[in-house]
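The values are calculated or read from the model by the stated rules, or taken from the named source; none is laboratory data. This one's a predicted model, so the numbers in the text were calculated from it and none came from an experiment. Don't worry about glycine lacking a Cβ; one is built from the backbone with ideal geometry, like all the others, and counts go over all protein chains shown. Just so you know, the surface numbers come from the protein's heavy atoms only, side chains and all, with ligands and any DNA or RNA stripped out. Shrake-Rupley method; radii C 1.70, N 1.55, O 1.52, S 1.80 Å.
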Amino acid sequence: MPFASIAERKVYYEIHGQGSLVVLLHHGFGCTRMWKEICPGLIESGYRVMMYDRRGYGQSENGEDFESFYVSDRFREESVNELSSLMKFLDEKSFHVVGQCEGGVVGVDYAAAYPDQVRSLAISSTQCFSEISMPEFNKIKFPHSFSELDSGLRGKLIAWHGEGRAEQFFNLFRTRGGAYGTGVFDLRDTLPSVQCPALVLYPDRSFLFDVEQGVCLYRHLPAGELAVLPACGHNTYEHRPSQYLEIVLEFLRRHSR
């Protein structure tokens, strides 16, 4: 299995296919394995796909200070630095980015920081801003502890992150931290710095974020596009994989010239 050494930690990644590179950024509960319905279609359509597990997710190492990092203001900046280091390690200088939920935040931050590298950006189910602190928000949206989850979701998290850390990771996420932070979250000041073509793909029935969040993202992006998936839940890549892939591929084709 391929690993890169970044900041003295092992970061797991995969590369598949041939052609223009598409980087997939997983959500806040996820890892590379969540892309199983999307990655093959990108490869079959002539793209090379790179996906990786961010620090502490999936098969990537936590590091000794993971919990303090996770709830700190360093999370977003260091996530961008991690991706930058990985792309230098792989000697990749130009690519498309696709991010889901929290992965969309990393994608926006990266596109703003490295406009010369990101050819296009597609984000789905990403929050634009909150009106209350994220610990308050998560308390409402995630009322159940790990042991109270349905067996299917609990089993998926164990398969993705390992039995030894899945519960600790979930309970940490549902209370605070990650890319959405510990205060009131707001991406609106960053979005105007994203100069590349940017697709906002949003579900109309997310249990987390209202579809108006997607409209807000779109309106703040200089080269934004908006697509809404009808009768679709938060995990767009899972609930509507065929439509998700069709929309993303059409967007990539228009911006791969």
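Here are the numbers for this structure:
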item: Residue-wise HN-Hα coupling along segment 36-50, computed from phi with Karplus coefficients 6.51, -1.76, 1.60 (Hz; x: Gly, Pro); result: 4, 8, 10, 4, x, x, 5, 5, 5, 8, x, 10, 8, 10, 10
item: Orphan Cys of the chain, criterion: no other Cys C-beta under 4.7 Å; result: CYS31, CYS39, CYS101, CYS196, CYS232
item: Relative compactness, segment 81-192, computed as alpha-carbon Rg over 2.2 N^0.38 Å; result: 1.23
item: Order of exposure, largest accessible area first, which applies to ILE247, ILE140 with probe 1.4 Å; result: ILE140, ILE247
item: Two-decimal ratio, segment 187-227, of alpha-carbon radius of gyration to 2.2 N^0.38 Å; result: 1.13
item: Amide H contacts of GLU225 (H built 1.01 Å from N, under 5 Å, at least 5 apart or other chain); result: ALA198, LEU199, VAL200
item: Calculated [θ] (222 nm, deg cm²/dmol) that DSSP helices of n ≥ 4 give over the chain, each run adding -39,500 (n - 2.57); result: -10500 deg cm²/dmol
item: Surface accessible to a 1.4 Å probe, ASP73 within the full protein complex, Å²; result: 150
item: Size descriptor, Kirkwood hydrodynamic radius, that averages inverse alpha-carbon separations across segment 101-257, Å; result: 16.6
item: Alpha-carbon centroids, segment 1-57 and segment 99-171: separation in whole Å; result: 16
item: Segment 229-257 versus segment 186-202: alpha-carbon centroid distance in Å; result: 17
item: Fraction of the pair-distance distribution of segment 166-257 above 21 Å, Cα-Cα pairs, percent; result: 45
item: Descending semi-axes in Å of segment 118-173, equivalent ellipsoid built from Cα gyration tensor; result: 25, 19, 10
item: Computed FRET value (nearest 0.05) for ASP189 with SER85, which takes r as the C-beta separation and R₀ as 25 Å; result: 0.50
item: Nearby lysines by direct alpha-carbon distance to LYS156 (threshold 16 angstrom, same-chain neighbours under 8 apart not counted); result: LYS36
item: Which of ARG9, ARG240 is most accessible, then next, and so on - probe 1.4 Å; result: ARG240, ARG9
item: Extension gain (nm, one decimal) between ARG154 and GLU67, 0.36 nm per residue minus Cα-Cα; result: 29.2 nm
item: Normalised per residue, the volume of the convex hull around the Cα set of segment 4-50 (Å³); result: 79
item: Area projected by the alpha carbon convex hull of segment 47-101, averaged over all directions, nm²; result: 4.6
item: Solvent-accessible ranking of ARG174, ARG55, ARG119, largest area first, probe 1.4 Å; result: ARG119, ARG174, ARG55
